[in-house]
Amino acid sequence: MPELKQLDADHAPAVLAFEAANRAYFAASVTDRGDEYFDQFTKRFSALLAEQEAGICAFYVLVDEDGSVLGRFNLYDLADGAAELGYRVAQDVAGRGVATATVREVCRLAAERHKLHTLRAATAHENTASQRVLVKAGFVPVGPAKPSDLGGKTGTWYQRDLAPRH
């Protein structure tokens, strides 16, 4: 059974393998990270851990029983009870409800562990799979996303209120 874990230094090799193995798949729906990302991976990974340690962001990985990474789920720019959500899942688990279930779990953690009350996520118009994930996880569209929000693509911002409903 896959397990959602907060990112730590031990995850670096599995995260790199995940990103490399799924690079072409991801590039079909989001902007490619580019060769520099892979060339500078160790430095960039250390920077992520530093941001997490500083409380600016919170990074999670969905780890399979064999230690491989099935997905990444990230909370960016934690401030004033809000954050932005970003995620990606491996091609071989896409379409199986993994992203939806894990986004729901990240929402729970965002509220309980990080004391957040609002999450926002942007998705490109052509990324219908991500739109379905967000809607199934309780997000609603709240407005247009500019190309600068999505690596050159236009899209929609979604938001989820994490406050308990009475």
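Can you tell me which of 129, 122, 94 is modelled with pLDDT of 95 or more and either in contact with a Ser or Thr (Cβ under 7 Å, 6 or more places away or on another chain) or aliphatic (A, V, I, L, M) (or both)?
Exactly one of 129, 122, 94 is modelled with pLDDT of 95 or more and either in contact with a Ser or Thr (Cβ under 7 Å, 6 or more places away or on another chain) or aliphatic (A, V, I, L, M) (or both), namely 122.
Residues checked against (1) farther than 23 Å from residue 124 by Cα; (2) free of Cβ contacts under 8 Å to residues at least 40 places away in the same chain:
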| position | (1), (2) |
| --- | --- |
| 11 | yes, no |
| 17 | yes, no |
| 28 | no, yes |
| 35 | no, yes |
| 41 | yes, yes |
| 77 | no, yes |
| 93 | no, yes |
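Give all pairs with beta carbons closer than 7 Å in which a residue from segment 106-135 that is on the phi > 0 side of the Ramachandran plot meets a residue that is among the basic types (Lys, Arg) and surrounded by fewer than 19 Cβ atoms within 10 Å (Cβ to Cβ); count only pairs at least 6 apart in sequence or on separate chains.
none
May I ask you to verify whether residue 129 is aliphatic (A, V, I, L, M), surrounded by fewer than 16 Cβ atoms within 10 Å (Cβ to Cβ), under 16 Å from the mean Cα position of the chain (by Cα) and not in a strand (DSSP E or B)?
So residue 129 fits the description; yes.
Given the conditions (1) within 22 Å of residue 156 (Cα to Cα); (2) touching a strand residue (DSSP E or B) at 6+ places or on another chain (Cβ under 6 Å), which single one is not true for residue 58?
That leaves (1) as the condition not met.
Take residues that are among the acidic types (Asp, Glu) and tell me which of the helices (runs of 4 or more DSSP H) falling wholly in segment 1-51 contain 3 or more.
Because the criterion is at least 3 residues that are among the acidic types (Asp, Glu), the helices (runs of 4 or more DSSP H) in segment 1-51 that meet it are 35-39.
Inside segment 70-117, can you point out the residues that are polar (S, T, N, Q) and either surrounded by fewer than 20 Cβ atoms within 10 Å (Cβ to Cβ) or assigned to a strand (DSSP E or B) (or both)?
Result: 74, 91, 100.
Can you name the residue in segment 132-166 that is among the small types (Gly, Ala, Ser) and closer than 25 Å to residue 93 by Cβ and, of all such residues, is modelled with the lowest pLDDT?
151
Output the number of the condition that residue 154 fails; it satisfies all remaining conditions of (1) within 26 Å of residue 51 (Cβ to Cβ); (2) touching a helix residue (DSSP H, G or I) at 6+ places or on another chain (Cβ under 7 Å).
If we test residue 154 against (1) within 26 Å of residue 51 (Cβ to Cβ); (2) touching a helix residue (DSSP H, G or I) at 6+ places or on another chain (Cβ under 7 Å), just (1) comes out false.
Determine, yes or no, whether residue 54 is at pLDDT 95 or above, surrounded by fewer than 17 Cβ atoms within 10 Å (Cβ to Cβ) and under 26 Å from residue 112 (Cα atoms).
Considered against the rule, which asks whether it is at pLDDT 95 or above, surrounded by fewer than 17 Cβ atoms within 10 Å (Cβ to Cβ) and under 26 Å from residue 112 (Cα atoms), residue 54 comes out as yes.
Just to be sure I understand, how many residues within segment 132-166 are assigned to a helix (DSSP H, G or I) and surrounded by 13 or more Cβ atoms within 10 Å (Cβ to Cβ)?
Number satisfying all stated conditions: 6.
Tell me which residues, restricted to segment 74-122, are touching a Lys or Arg at 6+ places or on another chain (Cβ under 9 Å) and β-branched (Val, Ile, Thr).
Across segment 74-122, the qualifying residues are 89, 100, 103, 118.
Given the conditions (1) free of Cβ contacts under 8 Å to residues at least 40 places away in the same chain; (2) touching a helix residue (DSSP H, G or I) at 6+ places or on another chain (Cβ under 8 Å), which single one is not true for residue 59?
With (1) free of Cβ contacts under 8 Å to residues at least 40 places away in the same chain; (2) touching a helix residue (DSSP H, G or I) at 6+ places or on another chain (Cβ under 8 Å) applied to residue 59, the lone miss is (1).
Which residue is nearest to residue 95 (Cα to Cα), if the candidates are limited to segment 1-49 and must be among the basic types (Lys, Arg) and surrounded by 12 or more Cβ atoms within 10 Å (Cβ to Cβ)?
Only one residue tops the list, namely 23.
The values are calculated or read from the model by the stated rules, or taken from the named source; none is laboratory data. On a predicted model such as this, the values are computed, not experimentally measured, just so you know. Using ideal geometry, Cβ is built from the backbone for each residue, glycine included, and neighbour counts are taken over all protein chains shown.
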